[in-house]
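Read through the structure below, which is laid out as structure tokens, and then see the notes.
The values are calculated or read from the model by the stated rules, or taken from the named source; none is laboratory data. Please read all numbers here as calculations on a predicted model, not as lab measurements. A quick note on method: Cβ atoms are made from the backbone with ideal geometry, for glycine too, and the neighbour counts reach across all protein chains shown.
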Amino acid sequence: MQSSLAAAPTAAGEEYWTLVKRQFPLAEGLLYLNAANVCPSSRPVLDRHQEYLRDFHADPSFQNRDKYDAIQESLRGKLAKMLEAGPDEIAVTRNTSEGSNIVVNGLDLKAGDEIIITTHNHPSSNDSWKVRAKRHGLIVKEAAVPIPAASGQQLLDSIAGLITSRTKVLAVTHVTSTTGNRYPAQEIGRLARQRNIWYHLDGAQTFGAFDVSVKRIGCDSYAGSAHKWFMGPLEAGVLYVREERIAQLWPSIVTAKWQESQKGARKFEVYGQRDNPRIAAFEAGVDFIQLIGMAAIERRLGQLVTRLKDNLASIPEVHLKTSRDWQLSGGVVKFQVKGKATAALYDALYTKHRVALAQTASGESEGLRFSPHVYNSMEEMDRAAAIVRKLI
Ligand SMILES: Cc1ncc(COP(=O)(O)O)c(C=O)c1O
């Protein structure tokens with residue numbers, strides 16, 4: 001199936017993206033708009049996974065499994081290239097939660113040290129920092145999040161205003177899953193570097209969605225999951241740690257194959273026996289993304305969400321919680337419908353119209369969340385909004 005797909009031409013039109021859509025096994029009639037949570041794997045990923053699962057279980061000998069070391073190293077090299085990092089700066093983890101927790105629990109910190117988070121970080125960042133703070137007497141400061149952000153400067157200021165001489169870590173989300181704010185990652189990187197503060201970027205909503213360069217951003221660590229925008233296997237992820245910082249981070253799990261001399265970020269991925277076929281599928285995921293082109297994927301995502309937001313904004317009862325400015329947002333589109341219960345709309349969208357989405361049932365981020373990806377069409381962006389209009 002993959003061989004019928006070529007790289008995206010510069011001005012790839014609907015015809016090209018229809019070919020991309022055919023690479024996914026999504027059920028006929030399902031309008032899938034929940035990439036921010038889980039994406040379907042492409043057929044090349046599923047095929048590679050199945051092929052290696054069968055091979056593994058047909059012959060689980062050491063000899064037959066020898067090849068997986070080379071596959072993992074090959075994957076590491078490809079992930080490094082994709083994120084503009086060095087291979088020794090890449091750990092193959094199980095998801096964003098794990099990557100972020102490695103940073104939370106691996107840093108040497110003492111009572112009174114300050115950690116800055118934002119109120120819209122995922123619990124894998126916020127709750128884990130609060131648990132660590134409780135254990136070790138750290139002070140966690142939360143930056144308020146505007147809904148939606150008026151400018152990158154506003155987001156930068158919300159973090160910069162909390163920095164003191166005791167600040168040791170900034171833990172920020174590149175694009176939030178709550179209302180889809182895109183943080184000015186590079187500007188935050190400059191600020192953190194000037195103050196020698198560890199800068200961790202949660203990339204759950206950008207890994208596989210944006211053409212991310214950790215070098216350009218200047219973060220100390222970046223975590224992502226393969227099963228979201230990357231369209232890879234479940235329970236696989238990446239953690240980047242900047243070379244100069246690796247020695248400052250303790251591994252959270254130590255078991256067989258651990259050595260003090262472990263090269264670079266490999267020390268963060270020693271978990272005992274791993275699900276090797278999944279790692280092979282992860283590599284197929286990088287190949288699939290590189291075949292289309294990461295920049296082309298990011299461009300297409302921008303076109304899809306812009307069309308979707310324009311459509312939704314034309315409905316008078318819809319209140320968009322995500323900025324319509326692509327530079328201030330990502331693949332997450334959050335909106336609330338005046339006078340309608342969020343939960344009822346959420347149910348009706350799936351049960352009556354087969355639109356798969358997410359919801360936040362209450363609070364400042366309350367609303368419905370659409371998150372399209374490259375397997376969606378422009379026509380689906382129109383149809384989704386038309387269904388919302390019909391339900392009001
Ligand atoms: C911003 C953000 N960070 C972290 C996570 C956790 O991802 P995972 O469950 O793959 O570890 C999510 C999941 O939705 C997320 O949206």
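General remarks:
- A residue that is outside the structural domain of R242 (by TED's automatic domain parsing), out of contact with any strand residue (DSSP E or B) (no Cβ under 6 Å at 6 or more places or on another chain) and closer than 27 Å to A358 by Cα cannot be found anywhere in region 48-67.
- Selection of region 349-371 for residues being under 24 Å from P146 (Cβ atoms) and either not in a strand (DSSP E or B) or not assigned by TED's automatic domain parsing to the domain that holds L304 (or both) yields L357, A361, S362, G363, E364, S365, E366.
- Checking the stated criteria, H227 turns out not to satisfy the condition of being within 16 Å of the ligand (Cβ to nearest atom) and more than 30 Å from R48 (Cβ to Cβ).
- Residue count, region 149-168 (criterion: assigned to a loop (DSSP other than H, G, I, E, B) and within 16 Å of the ligand (Cβ to nearest atom)): 1
- For the condition hydrophobic (A, V, I, L, M, F, W, C) and either touching an Asp or Glu at 6+ places or on another chain (Cβ under 8 Å) or surrounded by 20 or more Cβ atoms within 10 Å (Cβ to Cβ) (or both), V103 qualifies.
- Being assigned by TED's automatic domain parsing to the domain that holds S100 and either part of a helix (DSSP H, G or I) or free of Cβ contacts under 8 Å to residues at least 24 places away in the same chain (or both) is a property that K141 lacks.
- Residues located in region 184-206, provided they are within 12 Å of the ligand (Cβ to nearest atom) and in contact (Cβ under 8 Å) with a residue 40 or more places away in the chain: H200, D202, G203, A204, Q205, T206
- Against the numbered list (1) out of contact with any Gly (no Cβ under 7 Å at 6 or more places or on another chain); (2) in contact (Cβ under 8 Å) with a residue 60 or more places away in the chain, A8 comes up short only at (1).
- Residue within region 202-221 that is under 17 Å from P372 (Cα atoms) and either among the basic types (K, R) or not assigned by TED's automatic domain parsing to the domain that holds G189 (or both) present: no
Residue-wise test of (1) assigned by TED's automatic domain parsing to the domain that holds N196; (2) farther than 25 Å from S225 by Cα; (3) buried (at least 17 other Cβ atoms within 10 Å of the Cβ); (4) more than 22 Å from the chain's Cα centre (by Cα).
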position	(1), (2), (3), (4)
K110	yes, yes, no, yes
D113	yes, yes, yes, yes
I117	yes, no, yes, no
N121	yes, no, yes, no
D157	yes, yes, no, yes
T167	yes, yes, yes, yes
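- Test result for A171, touching a helix residue (DSSP H, G or I) at 6+ places or on another chain (Cβ under 8 Å), within 16 Å of the ligand (Cβ to nearest atom), assigned to a strand (DSSP E or B) and among the small types (G, A, S): yes
- Qualifying residue in region 104-114 (condition: under 28 Å from S323 (Cα atoms), away from the ligand (no atom under 16 Å from the Cβ) and of a type in the set (A, V, I, L, M)): no
- Residues in region 284-328 that are crowded, with 20+ Cβ neighbours inside 10 Å and free of Cβ contacts under 8 Å to residues at least 40 places away in the same chain: 1 in all.
- Only one of the numbered conditions (1) polar (S, T, N, Q); (2) exposed (fewer than 15 other Cβ atoms within 10 Å of the Cβ); (3) in contact with a Phe, Trp or Tyr (Cβ under 8 Å, 6 or more places away or on another chain) is violated by T10, and that is (3).
- The single residue among R132, R65 that is modelled with pLDDT of 95 or more, over 24 Å from L234 (Cα atoms) and basic (K, R) turns out to be R132.
- Every residue from region 29-59 that is among the β-branched types (V, I, T) and more than 26 Å from T176 (Cβ to Cβ): V45
Conditions (1) more than 17 Å from the chain's Cα centre (by Cα); (2) surrounded by fewer than 20 Cβ atoms within 10 Å (Cβ to Cβ), marked per residue:
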{"site": "W17", "(1), (2)": "yes, no"}
{"site": "G29", "(1), (2)": "yes, yes"}
{"site": "Y52", "(1), (2)": "yes, no"}
{"site": "Q63", "(1), (2)": "yes, yes"}
{"site": "D66", "(1), (2)": "yes, yes"}
{"site": "L79", "(1), (2)": "no, no"}
{"site": "P87", "(1), (2)": "yes, yes"}
{"site": "V92", "(1), (2)": "no, no"}
